[in-house]
Amino acid sequence: GQQVMQIPQYQHVQEGEDFTTYCNSSTTLSNIQWYKQRPGGHPVFLIQLVKSGEVKKQKRLTFQFGEAKKNSSLHITATQTTDVGTYFCAAYTGTASKLTFGTGTRLQVTL
Amino acid sequence: NAGVTQTPKFRVLKTGQSMTLLCAQDMNHEYMYWYRQDPGMGLRLIHYSVGEGTTAKGEVPDGYNVSRLKKQNFLLGLESAAPSQTSVYFCASTDGGGGGKNIQYFGAGTRLSVL
């Protein structure tokens with residue numbers, strides 16, 4: 001079945017540093033979604049990318065979808081303690097009814 | 001608007017006991033899902049439903065059963081709990097089809113321990 005790999009598994013940064021997580025698929029994706037899960041919380045939708053090479057920004061967060069639609073990245077500029085959590089990429093598979101999640105990247109931010 | 005509500009929030013079971021986790025959504029969504037989340041494993045799909053009266057197996061269905069008798073409810077059952085089923089369980093729903101973005105809305109989760 002389709003696999004969606006994410007790296008790194010964990011990253012610890014000082015507040016103000018940048019952070020990037022990468023998502024790679026073995027197959028071409030129709031679209032990709034990103035979710036954030038705060039510690040002890042539940043996943044919350046951040047954004048969806050659909051077009052090849054698409055770039056979207058949400059304040060300090062920049063999301064990219066690769067030209068071949070097999071990879072994606074999330075970049076956070078000047079991290080803050082509020083960015084702490086696990087970031088998941090996810091893609092619909094098969095009949096567009098099942099969402100396959102990446103393994104997630106846990107971000108820790110310290111002062 | 002409550003969104004997706006899961007009950008109970010916490011539960012401790014003994015091996016061999018049974019229980020049912022309830023998920024209710026008030027967004028009139030067609031699709032509903034049950035995931036389990038274990039440390040370092042991300043979210044794994046147990047079962048899902050694309051409409052009232054339908055269910056389908058996900059990635060890790062063994063040891064679980066589900067029912068979708070009403071559109072707004074999706075039940076996850078453990079007939080004979082095992083320690084390997086200790087996990088955090090999340091329910092999610094989405095409108096499905098071509099209308100929206102197929103954004104999944106998650107409940108707050110059920111933390112289950114099987115001793």
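FYI, it's all coordinate maths here, none of it is from the lab. In this text, all values refer to a predicted model and were calculated from it rather than measured experimentally. Every residue, glycine among them, receives a Cβ derived from its backbone with ideal geometry; neighbour counts consider all protein chains shown.
So here's what we get for this one:
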quantity: Most mobile listed residue (B:Gly16, B:Gly58, B:Gly42) in chain B, GNM with C-alpha springs under 10 Å; calculated: B:Gly42
quantity: Kirkwood estimate for the range B:3-115, i.e. one over the average of 1/r between Cα atoms, Å; calculated: 14.0 Å
quantity: Principal axis dimensions, largest first and in whole angstrom, of the protein assembly as shown by Cα; calculated: 48, 40, 35
quantity: Amide H partners (placed H, <5 Å) of A:Gly85, local residues excluded; calculated: A:Leu107
quantity: DSSP bridge pairs, the protein assembly as shown: antiparallel proportion in percent, nearest 5; calculated: 90 percent
quantity: The range B:32-67-the range A:1-78 distance, computed between alpha-carbon centres (Å); calculated: 23 Å
quantity: R0 of 41 Å, Cβ-Cβ distance B:Glu52-A:Glu17: FRET efficiency to nearest 0.05; calculated: 0.25
quantity: Gained length - B:Asn65 relative to B:Glu79, 0.36 nm times residue gap less alpha-carbon distance; calculated: 4.3 nm
quantity: The range B:56-73 - phi-based ³J(HN,Hα) in whole Hz, Karplus 6.51/-1.76/1.60, Gly and Pro as x; calculated: 8, 7, x, 6, 10, x, 5, x, 10, 9, 9, 8, 9, 6, 10, 4, 7, 10
quantity: Nonlocal amide H pairs with B:Asn102, under 5 Å, H built at 1.01 Å; calculated: B:Asp95, B:Gly96
quantity: Cβ-based net charge around B:Leu115, under 15 Å, with every Lys or Arg adding one and every Asp or Glu removing one; calculated: +3
quantity: Per-bin percent of Cα-Cα distances, the range A:29-111 [10 Å]; calculated: 18, 50, 27, 5, 0
